[in-house]
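To start, the structure itself, in structure tokens.
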Amino acid sequence: MRFFLLPFSLVYGAVIFLRNLLFNLGLIHSKKISYSIGIGNLSMGGTGKSPLAIYLADFILNLGGEPALLSRGYGRETKGFLEVETTSSSSCVGDEPLMFKQRFGAKAHVFVCENRTVGSDKIRKQKPNCTLLYDDILQHRKIKSEFCILTTPYNAPFHKDYLLPIGRLREPRSNAKRADCILITKCPNRMSLAETSAFKQALSIHEKPVFFSTIEYRKMHPLGKAIGEIKNILLVTGIADPRHLIEYLKTSHKIETISFPDHHAFGKSDIEKIHEKFGIFDPKESIILTTEKDKVRLSKFESLISNDNTPWYYQPMNILIQDEEKFKSLIKEHVRKI
């Protein structure tokens, strides 16, 4: 099958190469944004950008800084520059920006704008002292952040992948050179020295520092009704890759899953389908669990969920970074005002 897709992959690669060449030659201008950190990837979704954005916001806050996230707001039904509030709807601002805002509240600013240059200028006027965080910035070359972190997942790293449509890469592997460091995400809790060395050796061609991160799942939070002991879980997800969460839950619970596409816009019929499947569970020790990102898209059905008296929960998570002090020092070295 890959053989037949090769011509399309070559054409796609040629277009990407030409576009990047125009930027590299200065024929298309890139604007460097001071006091900014960019998060990006080379492949299609599910690389761990959202938890990293949360980690960086916490880092900035702990240093006494003022984080401001700028996102395109993927999947929103609106256009232009908008500030995200905790009461915003995911259809207006996108699920990831809303999740971020609901996590931090007034401690962090969140904005959406499909034009990152326009969005950056507006934020700088409104929040001149903020440290800008860019979500999914690597392909948006009209903006250049002071420090850029390339994320790639442990189980599907970019150096083993191929360009679309053969693989999932949006850009050639060589374009990792535009990042300042590479973060391997969703790593096992215990990685051997041989594993980390193998990753570093494979990525050494890019001459960038390589770091490793693991997911830390926090206590499940009820959305309404809470129960005592939890033994059975119906996991409902609309994210790119729920496998890591599934494997984690399997270690201590009996689970069934309902998986929707990434950024799925839930409808009333979906809730009815979910509750219908949950009906086969023993209600005494069972819950419906969703992710923190999916929670914001499900919030419009809060009354339906509450009226049904079904125990819905969501799963918060953070990331832990190996060699954390070295990682933070590298950021502070490039982003001198945080």
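The values are calculated or read from the model by the stated rules, or taken from the named source; none is laboratory data. Here the structure is a predicted model, which is why all the values come from computation and not from measurement. Every residue, glycine among them, receives a Cβ derived from its backbone with ideal geometry; neighbour counts consider all protein chains shown.
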### Task
Report whether or not His264 is under 24 Å from Phe104 (Cα atoms), buried (at least 17 other Cβ atoms within 10 Å of the Cβ) and outside the structural domain of Pro157 (by TED's automatic domain parsing).
yes
## Note on the structure
Okay, helices (runs of 4 or more DSSP H) sitting entirely in the range 266-328 with 1 or more residues that are of a type in the set (Lys, Arg) and under 27 Å from the mean Cα position of the chain (by Cα), I get 268-278, 292-298
### Query
Restricted to the range 128-172, and to residues that are charged (D, E, K, R), crowded, with 19+ Cβ neighbours inside 10 Å and not in a loop (DSSP other than H, G, I, E, B), which residue is modelled with the lowest pLDDT?
Asp135
### Query
Only one of (1) of a type in the set (Gly, Ala, Ser); (2) farther than 24 Å from Thr291 by Cα; (3) part of a loop (DSSP other than H, G, I, E, B) fails for Ser88. Which number is that?
(2)
### Message
I'm checking my understanding of the structure. Among residues of the range 221-236 that are modelled with pLDDT of 95 or more and out of contact with any Lys or Arg (no Cβ under 8 Å at 6 or more places or on another chain), which one is nearest to Ile305 (Cα to Cα)?
### Response
Val236
### Query
In the list Glu195, Glu256, Glu207, Glu247, which residue meets the criterion of being acidic (Asp, Glu) and either closer than 27 Å to Phe301 by Cα or touching a Lys or Arg at 6+ places or on another chain (Cβ under 6 Å) (or both)?
Glu256
### Some residue of the range 28-47 being over 21 Å from Thr152 (Cα atoms), surrounded by fewer than 20 Cβ atoms within 10 Å (Cβ to Cβ) and basic (Lys, Arg)
yes
### Query
If you go through the range 181-218, how many residues are closer than 23 Å to Pro51 by Cβ and without any contact (Cβ under 8 Å) to a residue 12 or more places away in the chain?
3
### Message
Only one of Glu77, Glu83 is surrounded by fewer than 20 Cβ atoms within 10 Å (Cβ to Cβ) and modelled with pLDDT of 95 or more. Can you tell me which?
### Response
Glu83
### Task
Could you tell me which of the residues Lys144, Lys186 is under 12 Å from Gly40 (Cα atoms) and of a type in the set (D, E, K, R)?
Lys144
### Query
Can you pull out the residues in the range 71-96 that are closer than 22 Å to Ser34 by Cα and either touching a Phe, Trp or Tyr at 6+ places or on another chain (Cβ under 8 Å) or of a type in the set (Phe, Trp, Tyr) (or both)?
Ser71, Phe81, Leu82, Glu83
### Query
What residue, among those in the range 1-20 that are over 11 Å from Leu163 (Cβ atoms) and at pLDDT 85 or above, is surrounded by the fewest Cβ atoms within 10 Å (Cβ to Cβ)?
Leu18
